[in-house]
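Derivation of every value follows stated rules applied to the coordinates shown; laboratory data play no part. All values reported here derive from a predicted model rather than from experimental measurement. Here the Cβ positions follow ideal geometry from the backbone for every residue, glycine too, while neighbour counts run over all protein chains shown.
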Amino acid sequence: MKIAAVILTYNRKDLLNQCLDAVKSQTRPCDEVIIIDNASTDGTEQMLRQLPMRNVTIHRLSENIGASGGFNAGFRLAYQSGADQIWMMDDDVIPAEDALEQLLNADTLLSEKAIEPAFLLSTAYTESGLVTNAPSIDQRPNRIAYENWPLTLEHGLAPVRRATFVSILVPRRTLASYGLPIASMFIWGEDTEYTLRITENAPGFIVGNSKVVHLRQENGAIDIVAESNPNRVKYHRHYVRNEVFVARKYYRPRRVVISVLHQCKVAMKLLGQGHFAKAGIVFRGLLESSTFYPGIESVDAPFENLGVTVNSFAPGSTAKWEQPDDFTLLTFCEARFYQQPLAIASS
């Protein structure tokens, strides 16, 4: 089994170093490490060129296409390089040394029970030990109409649906069947949409014994009212738009109404506090949500869809990375985000 770890990074080279140290110290080593650099400007490229690791390829994008675009590129690269399992994370995720091994042990146990999970997920904690990035439990019933989630509880496993990309292990078959994360979501909500999509027919599983620390997570949930970073405020329009889009796609109409009303309430609160720019961002996100109907890309779709160029290289080399013979495509070129749905292979 070929396992590729994919790490998405942007302007956090110190955190990336910690993440890479943890990944290379795994009790079950990764067969390949793929780093997606989302056009960092803090010296990340120079640091990566001197990285003392084998089996690593770095793909530096010409511009920041957001977490959604970065995850899209990472999954696609890993799949097209022949990976059987893709272990995805951000640069601020620090896995315990046996995190990957425990995910694979869970996969073996489920296989023995004839269960094919849509994905496997580590249990994430903050630096102070608080649970973070908790997924939603899959509440679908068994054949006698009881919720089935306690079935594997004795093994430290629970079926889940909505989850984040904080140490998620996605099998090749899932990508082949359901395609890629939606790049044009840009940031916030792409992992929710993707995990809801791929658990349509079978759940993922959270693995209690696979543990990671998610750094910088003490501030709680995303909240434009409390947001103090001026560089992040503008991105909240994506959060609002994507929240309504996901509600429209996966939940009942009542959920959409609640979501829109909630964001209107947030905007009015901001207006009352005199934060007119923030309120405008919320209203803009709501307006954009009315016309936001992105398509889904097949995992074999061309990279031209991402609208960026890439410089790919290996550590210790000043030359571009040499692609293996079985690699399908690596050349990126200028293009718009793909907006039309593609045919996805059925499971």
Could you work out the percent of alpha carbon pairs in the stretch 230-289 separated by over 14 Å, rounded to a whole number?
53
Here is the link list: Lys24/Lys211; Lys2/Lys24; Lys2/Lys211. Which ones come out longer than 18 Å on Cα distance?
Lys2/Lys211
5 Å is the cut-off here: which amide hydrogens, built 1.01 Å from N in the peptide plane, fall below it relative to Asn64, excluding neighbours closer than 5 in sequence?
none
Sort Val260, Val233 so the one with the fewest other Cβ atoms within 10 Å of its own Cβ comes first.
Val233, Val260
Give the relative contact order (percent, whole number) for the stretch 230-289; include only Cα pairs under 8 Å separated by 6+ residues.
48
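So what is the relative contact order for the stretch 1-141, in percent, with contacts set as C-alpha pairs under 8 Å and at least six apart?
Across the stretch 1-141, relative contact order equals 31 percent.
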For a footprinting-style exposure proxy, rank Ile258, Ile137 by other Cβ within 10 Å, fewest first.
Ile258, Ile137
For the chain: relative contact order, % (alpha-carbon pairs under 8 angstrom, 6 or more apart):
21
Mind checking which lysines have their Cα closer than 20 Å to the Cα of Lys278? Skip sequence neighbours fewer than 8 apart in that chain.
Lys234, Lys265, Lys269
Choose one answer from Gln18, Gln26, Gln50: the residue with the largest mean-square fluctuation in a GNM of the chain with alpha-carbon springs under 10 Å.
Gln50
Treat the chain as a sphere of radius equal to its Kirkwood radius over Cα pairs and apply Stokes-Einstein at 20 °C in a medium of 1.002 mPa s; give the translational diffusion coefficient in µm²/s, rounded to a whole number.
103
